[in-house]
Amino acid sequence: MSLDFTQITSSIPYILQGIGVTLKIVGIAALIGFFLGTLLAICKIGKVKALAWLADIYTSIFRGTPLILQLLLIYYGVPQLFGIQVEAYIAAILAFGLNSGAYISEIIRAGILAVDRGQLEASMALGIPYGKMMKDIILPQAVKNILPALVNEFITLTKESAIVTVIGIMDIMRRSYIVGGNTYRYFESLIFAGFVYYIMVVVLTMLGKLIEKRMSRSD
């Protein structure tokens with residue numbers, strides 16, 4: 001067995017171009033997941049039983065089935081059912097956003113419930129509308145409590161984004177696989193892809209810790 005990383009040196013810039021593709025998908029999906037997760041969390045703790053029930057069913061489905069299955073259903077299933085061709089990027093963003101929303105909803109729900117109930121009671125006593133209370137008082141405190149969990153979800157999303165290669169998106173993994181096929185050096189190219197993902201995760205972890213420190217200083 002011999003390893004020769006010099007065989008893929010000329011292809012490294014090509015693989016690195018996949019970083020932008022990965023971050024674009026993950027970034028947009030994370031925003032969708034956060035807003036959807038917030039909405040689901042509010043429904044779960046709200047007084048409208050029907051909405052809480054629907055939010056629980058949604059979470060159960062997306063947490064109980066593989067992400068790759070959800071991706072393939074959107075990319076291949078939607079055209080079959082509705083005759084509408086979904087672009088690979090759109091399918092990836094939708095699948096990751098909808099899936100992430102289910103997980104983030106539980107994180108935010110836990111964060112909201114962890115806020116001192118006295119804050120809620122005081123707000124209600126002052127006659128602050130429920131929507132304004134959640135937006136200006138409860139949610140900001142909840143986000144501070146759950147920031148590490150949110151960063152962890154974003155990191156998980158970044159790593160899981162590698163599955164978009166199955167629908168042909170030219171991300172880091174797909175490009176490394178192509179380089180491996182062209183050079184017959186799959187091990188080297190895939191190891192390099194793993195290194196790139198690792199560096200991305202390390203950077204995201206450091207950014208998360210930096211944001212957490214700044215938010216803790218603002219208390």
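Any read-out appearing in this document is the output of simple, stated calculations on the displayed coordinates, not a laboratory observation. Note that the structure is predicted; figures quoted are calculated from it, not measured. When we count neighbours, we look across all protein chains shown, and the Cβ atoms used for this are built from the backbone with ideal geometry, even at glycine.
List of remarks:
- Helical contribution to [θ] at 222 nm, DSSP H n ≥ 4, -39,500 (n - 2.57), averaged over the chain, rounded to 500: -25000 deg cm²/dmol
- Rounded to the nearest 20 debye, dipole of the chain from Cβ charges on Lys, Arg, Asp, Glu: 400 debye
- Relative contact order %, the chain, counting alpha carbon pairs below 8 Å whose residues are six or more apart: 29 percent
- GNM result for the chain, Cα springs below 10 Å: residue of Gln70, Gln80, Gln17 fluctuating most strongly: Gln80
- Principal axis extents of the C-alpha atoms in segment 1-46 (largest first, rounded to whole Å): 60, 24, 6.
- Lysine pair number, Cα distance threshold 19 Å (strictly under), segment 98-219, separation 8 or more or different chains: 5
- GNM result for the chain, Cα springs below 10 Å: residue of Leu120, Leu147, Leu71 fluctuating most strongly: Leu120
- Each Lys and Arg contributes +1 and each Asp and Glu -1, all at the Cβ; summed about the Cα centre of segment 127-189, the dipole is approximately 100 debye.
- Computed log₁₀ I(q)/I(0) - Debye formula, equal Cα scatterers, no solvent, segment 1-85, q 0.24, 0.26 Å⁻¹: -1.16, -1.18
- If you model segment 9-217 as an ellipsoid using its alpha carbon gyration tensor, with each semi-axis the square root of five times an eigenvalue, the axes come out at 37, 22, 11 Å, biggest first.
- Sites Tyr198 and Ala88 - FRET efficiency at Förster radius 22 Å, r taken between beta-carbons, to 0.05: 0.30
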